[in-house]
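Worksheet for the structure shown next.
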2 protein chains.
Amino acid sequence: MSGDPENPEHPERAAVAALADDFLSDLREWLAIPSIGVDPAHRGDVRESAQWLADALRRDGWPEVQVWDAGPALPAVYACWPAEDPEAPTVLVYGHHDVQPVDPVERWRHPPFEPTLVGEELFGRGASDDKGQVAMHLLGVKAHLAARAAANPAVTIKLFVEGEEESGSPHLVPLLDDHRADLACDLVVFTDTPLYARDAPTICTGQRGVYGAEVVFTGGTSDVHSGRAGGGVPNPATAIARLVAALHDDRGRVRLRDFYTDVVEPSAAERADYAALPFDEDVWLANSGGAQAVSGEEGWSTLARVWVRPTAEVNGIHGGYTGPGLKTIVPADASVKLSFRLVPNQRPEQVAEALREFVAAHTPPGLHAEVIPLGDGAPPYAADVAHPAVGALKDAVEAAFDQPVRFSRTGGSGPAAILHDRLGVPVVYLGATLPDDHIHAPNERVVVPLLLRGAEAAARLWRLLPERLS
Amino acid sequence: MSGDPENPEHPERAAVAALADDFLSDLREWLAIPSIGVDPAHRGDVRESAQWLADALRRDGWPEVQVWDAGPALPAVYACWPAEDPEAPTVLVYGHHDVQPVDPVERWRHPPFEPTLVGEELFGRGASDDKGQVAMHLLGVKAHLAARAAANPAVTIKLFVEGEEESGSPHLVPLLDDHRADLACDLVVFTDTPLYARDAPTICTGQRGVYGAEVVFTGGTSDVHSGRAGGGVPNPATAIARLVAALHDDRGRVRLRDFYTDVVEPSAAERADYAALPFDEDVWLANSGGAQAVSGEEGWSTLARVWVRPTAEVNGIHGGYTGPGLKTIVPADASVKLSFRLVPNQRPEQVAEALREFVAAHTPPGLHAEVIPLGDGAPPYAADVAHPAVGALKDAVEAAFDQPVRFSRTGGSGPAAILHDRLGVPVVYLGATLPDDHIHAPNERVVVPLLLRGAEAAARLWRLLPERLS
C-alpha cells in the first residue's frame, strides 16, 4: 500500500496530498476553455473542453476513453476503468463540462476564463459548477489507485460527463439509450451538488424537480386607450395578476389540482438532520438575494421550504407599457413565466396538465389564454437513505472530513431522476462545493481544500463499496 | 344679413359652405407642421405651428393675437375678438395645437404630415386631435361674422390654444395664472372631445379625471436562483400580482379607501340619454382594442362604465426575466404602472393618498415598497346640464346637425376641470370629431363634413349666447 507512510490510516489522504499540485494546474487549464454550452458561438469551445477531458483521462491511464460527439447533443465524454475483480460492482460518476454564460462580465473581479487562485479559493467560470467536481473525481480515482497500489480500482468506475446540463440536458435520454451497454452500472454517483456549509459538510440526498411554462392572456389586437375603453374591457395584465394571486392559498400552498397528492415527505432521520444543521437566517437571506424576511409555506422551516417542499414561483411577468412615465393604455396582452419546483413523487406532466386546467378556470370572458411549456421539465429525485451505498458514502465522507456529517438536500434541479429512470439503478450524491460558490453568477469560485477532501471521500468510497454492495 | 339667399333660415350654414374650401386648404397647411410636443426634437415645429395659427388669425382679422412663448411652457396662442356690445358675454374657446407622436409610422397609409383627403375624410396627425377642431372654431367665427354681416361678434370671443395638452398640460396652471386678465371670461367652450357617433351626434357633458402611479416592490439586491431560494423568500412579482388582484372586489369595484365616497352619479336625464344611444357591442369592442367580451363594474352598462364610473387599470406590469425560454429566478423587484380614471367629485390627491395606504397594507414582510406618482393627475369634470349655456349649445348643435342630439361623455381626461377651477366659470364641450378617428394611433383622420357642421354649430352658439346668458 502506497501513500504517506506517516498517515497509515489515511492512505487516500496522503495520496491526494501528493497529487494536489498537478490536480490544480490541470483544473486551471480546463477552466480556461470557455465551454458555454447555451451559446452557439461557443460550440467549438465545448468540443475543445470535451477533448481536453478525454486527453486528461488518457494521461491518467484510463483504459477506455470516448468522446461522444454524434447526434444533436453537445459532446459528452465517457470513460471506463474496469475493476481488478470482474465480479466487483460498477459505479457511474455523472458530471458535466459545459458552463454557464458569464454576463454581466464587468462584475467579475478576475476574467472568468483566466482561473485565479486567491488563498484557498480558485475563481473562474466552472470552478464549482461542474468542472471542479469532475476534476475532483479524476483525482479521487488516481488517489484510490495510489492508495491501494494497484493498476485497477476496487470497483469498475465509469465516467459520464455531459455537455448540455446547463441547457437542461435536452438530449440526455437518447444519449443514455444510445449508450445503454456502455453506461450499465449498479450505482450512479452524481457530482453536481454542494455541501451544506464549509463547517457543516453534508451528504445530499435529493434535488427538486422543475416544470416551467409561460401563460399569455390576449385581449385584442392592439393596446387601447384606457380613457376610451378603461373600465369596459377585460385587462389582460389585471387578469394575469389575478391568475398569479390565485396560485397560492392563504397558507402559501399551491392551488393546482392534486399538487400535493404524490408528495413524499423526507424520513424522520433526514428531517432531524435538517433541524440540527446550523442556520443563520440573516446570513441565509443575504446569500439568497437579500430580501429582508423569509417567506413561504406555513408550518415548514426555511430549509424544508427550499429542499423538500414544492413551490410555484413567478420568474418573470410582463404586460403593457413599462417605459418612463405614464401611458394610459389597456394592454393588448400580458404574460407570466411560472416555474414549479417539484419533490418526490410529483411528475412534471401532471403539473403541466393541472396548470392548463387552472389557467382555463382563471381565464376571464373576453380574453384568450395560451399556456406555452418551457421545456419538458425535470423530475425530482431523492435517494433512499437506507441504501447501503448511502451508508458507505457517509462513512467515506465522515472519514475524509474528519467529522460526523448530516443529510441535506438541494432545492435546485438536475438529471438525477433521468439517470435513475433510464439506467434503473440508485443515484447517490457526492459533491464538495458550497452553496455560496456563486455558480451561475459573477465570481464563481471553488474552495480547493474542499475538493481535496471530496477526492479523498471518493477514493475511500471506491474502497468501501465492494463489501457494502455485496 | 348675408349668407346663402336660398337658405334664409340657415345663414350660418350658407356662410360655412362658402368658406369651406379655404378652410380645408388652411387646415392642410397647418397639419403639415409636425408639432409633436412630447418630442424635444420637434420643439421648433411646435413653435412654427403656433406661429402659423397666429398668422392665420391675423389674416382672418382677429384684432388681438399673441403667441405666448415665455417661460417653460411650449408656445400657446391667444386671440381676442371683442363683441360689438361691450356688455355682451365673453367666451373662451380652448383647444391645443400640439399633436401625438406618429409611431409606428409604417402603419400609416399616408405620411402623417402629408394631409391627404380621401372622400370626406382628411387623414393626418392632428386632423382630429386637435388642430381640426381648433380650425373648426376659426371657421365658426368667420361664419358667425358673415352670417350677421358685422365686423364684430355677438359675444366677445377669446381663443386659447395651448401647446402641451398631449404632455399632460404640465404648465397650464401657471400659464392661466400669468394671463388671468387676458383669459377672463364667462364661459369656456372646450373643443377636444368627440361626438358619440356620426349618426348620433351628442353634446359631451364631461370627462373623467386620471391619476397614475407606479408601485415598485423590491426584495433584495439581486435576482436569486429559484432552486436555491424559491419557496423560502418573498417573490416581488407574486406580491405585485397580489396587490393588483386585491385592487378590485368580486363586483369589479375598486377597493381603495373612500374611493366611491365623493362619486356623483349623472343626472337622470343624462342616464336616460346614454341608455337611448345606439350601441352595438361588437362594433364597440372592435373599436376598443378587439377583446372578445365587455367587462367591468357590476350593474352598469358599458357606456356608463367608461364614461361615468371610476376605474383602476394596469397600464404596465414588469418583473424578472421576460426573454426567451425559462430562467428560474426569484426576481429582485417587480413593478406595476396603475392609472385610475376619476369621476366627479373624486380628487387625484385623495386617490394618491388612498393608494399609498393600500400599498402599505399589501406589502408583504421582507419586501420594500415604493409608490412613485406619475404626474399630478387631472381632476374629472362634468358640466351642469341645467346651465343655460348647455341649453344654447344643444339648440345650436341640433340646428346644425338637423336632428335632436343627446348627452354623452368621454372616458378620457383633459384640462377642463383646471380651466373651470382657475378661471372660475362653467365649461361646456363643443366638438365634432368621432371616437373612431384613430387619435393617438396610426391613420388619424377627421370627417370633414362633421367639422363643417361643428363650425355651423359654433357660429349659431355665438348668436344665441347673448340672450341665453343674460
Which order do B:Glu164, A:Glu298 take when ranked by solvent-accessible area (1.4 Å probe, heavy atoms of all protein chains), largest first?
-> A:Glu298, B:Glu164
Helix-only [θ]222 nm of chain B, DSSP H runs n ≥ 4, -39500 (n - 2.57) each, per residue, nearest 500 | -10500 deg cm²/dmol
Treat every Asp and Glu Cβ in the protein assembly as shown as -1 and every Lys and Arg Cβ as +1, leave all other atoms uncharged, and give the resulting dipole magnitude about the Cα centre to the nearest 20 debye.
-> 1100
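With a 1.4 Å probe and all protein chains kept in place, how do B:Arg309, A:Arg47 rank by accessible area, largest first?
The ranking, largest first, comes out as A:Arg47, B:Arg309.
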Show the residues, 5+ positions off or on another chain, whose built amide H is closer than 5 Å to the amide H of A:Arg406.
-> A:Ile203
Residue by residue, what Karplus-based ³J(HN,Hα) values in Hz, rounded to whole numbers, does the range B:450-464 have, using 6.51, -1.76 and 1.60 with θ = phi - 60° and x for Gly and Pro?
-> 5, 4, 5, 4, x, 5, 4, 4, 4, 4, 5, 4, 4, 5, 6
What does the charge add up to near A:Pro404, with Lys and Arg as +1, Asp and Glu as -1, over the other residues with Cβ less than 14 Å from its Cβ?
-> -3
Normalising by the residue count of the range A:326-470, find the relative contact order in percent from Cα pairs under 8 Å and 6+ residues apart.
-> 25
Could you check how much of the accessible area of the range B:34-161 is carbon and sulfur, as a whole percent, using a 1.4 Å probe?
-> 51
In sequence order, what are the phi-derived ³J(HN,Hα) couplings for the range B:424-437 according to the Karplus relation 6.51 cos²θ - 1.76 cosθ + 1.60 with θ = phi - 60°, rounded to whole Hz, with x for glycine and proline?
-> x, 9, x, 10, 10, 10, 9, x, 9, 9, 10, x, 9, 7
Mind listing P(r) for the range B:336-410? All alpha-carbon pairs, 5 Å bins, whole percents.
-> 3, 11, 17, 14, 11, 10, 9, 8, 7, 5, 4, 2, 1
Per residue, accessible area of chain B with a 1.4 Å probe, heavy atoms of protein chains only, in Å², comes to 37
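Would you work out the relative contact order for the range B:1-84, in percent, from Cα pairs under 8 angstrom that are 6 or more residues apart? Don't skip to the end; give the middle numbers.
On the way: 86 pairs, mean separation 13.7, N = 84.
Relative CO of the range B:1-84 lands at 16 percent.
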Please give the residues of the range A:79-95, grouped as numeric ranges, whose backbone N is less than 18 Å from a label point set 7 Å along the Cα-to-Cβ vector of A:Ala70.
-> A:79
A:Gly252 neighbourhood, Cβ < 11 Å, K/R = +1, D/E = -1, net charge +1
Net charge over other residues, Cβ less than 12 angstrom from the Cβ of A:Asp26 (K, R count +1; D, E count -1) = -1
Please give the helix B:11-31 orientation as an angle from the longest Cα principal axis of chain B, in degrees from 0 to 90, rounded to the nearest 10.
-> 50
Proximal lysines relative to B:Lys337, as straight alpha-carbon distance under 26 Å, when same-chain residues fewer than 8 apart are discounted = A:Lys327, A:Lys337, B:Lys327
May I ask you to compute the full-extension gain from A:Ala268 to A:Asp85, defined as 0.36 nm times their residue separation minus their alpha-carbon distance, rounded to one decimal in nm?
-> 62.1 nm
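Please sort B:260-271, A:53-64, A:442-453 by packing, taking for each peptide the average over its residues of neighbouring beta carbons within 10 angstrom, highest first. Walk me through the intermediate numbers first.
Details: B:260-271: 14.1, A:53-64: 16.7, A:442-453: 21.9.
The densest-packed peptide leads the list: A:442-453, A:53-64, B:260-271.
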Which translational diffusion coefficient, to the nearest whole µm²/s, is obtained for the range B:238-329 from the Stokes-Einstein equation, given a Kirkwood hydrodynamic radius over C-alpha pairs, 4 °C and 1.567 mPa s?
-> 80
In peptide B:332-340, what is the residue-averaged number of other protein chain Cβ atoms found within 10 Å of each Cβ?
-> 4
Rg/Rh ratio calculated on Cα atoms of chain B (Kirkwood radius) = 1.01
Pull up all non-local amide H partners of B:His248: gap of 5 or more, or a different chain, and H-to-H distance under 5 Å with H placed in the peptide plane.
-> B:Arg255
Using alpha-carbon coordinates, inclination of helix A:43-60 to the longest axis of chain A, degrees | 20
The lysines whose Cα lies under 30 Å from the Cα of B:Lys158, excluding any fewer than 8 residues away in the same chain, are B:Lys131, B:Lys142, B:Lys394
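Quantify how strongly other chains surround peptide A:241-248 by giving the mean number of their Cβ atoms within 10 Å of each of its Cβ atoms.
Rounded to a whole number, the mean comes out at 6.
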From the phi of every residue in the range A:305-319, what ³J(HN,Hα) in whole Hz does the Karplus formula 6.51 cos²θ - 1.76 cosθ + 1.60 yield, where θ is phi - 60° and glycine or proline is x?
-> 4, 9, 10, 10, 10, x, 9, 10, 10, 7, 8, x, 9, 7, x
Enter the accessible area of A:Ser222 (Å², nearest 10), with the probe set to 1.4 Å and all protein chains included.
-> 50
Could you tell me the accessible area of A:Leu139 in Å² (1.4 Å probe, neighbours in place), rounded to the nearest ten?
-> 10
0 to 90° range, to nearest 10: angle between helix A:348-361 axis and chain A longest Cα axis = 10
In the range B:305-331, the residues losing 30 Å² or more of accessible area (1.4 Å probe, heavy atoms of protein chains only) relative to their chain alone are B:Val306, B:Glu313, B:Val314, B:Asn315, B:Ile317, B:His318, B:Tyr321, B:Thr322, B:Gly325, B:Leu326, B:Thr328
How many square angstrom of accessible surface are buried between A and B, both sides summed, with a 1.4 Å probe and rounding to 100?
-> 5400
Separation between Cα centres of the range B:165-236 and the range B:391-470, rounded to whole Å | 23
Here the relative contact order (percent) of chain B, from C-alpha pairs under 8 Å and at least 6 apart, is 25
Dipole magnitude (debye, nearest 20) for the range A:86-178, charges at Cβ of Lys, Arg, Asp, Glu = 520
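The values are calculated or read from the model by the stated rules, or taken from the named source; none is laboratory data. In this text the structure is predicted, and so the values were computed from the model without any measurement. With ideal geometry, Cβ positions are generated from the backbone for all residues, glycine too; neighbour counts draw on all protein chains shown. SASA here: full protein model, heavy atoms, side chains in, ligands and nucleic acids out. Shrake-Rupley method; radii C 1.70, N 1.55, O 1.52, S 1.80 Å.
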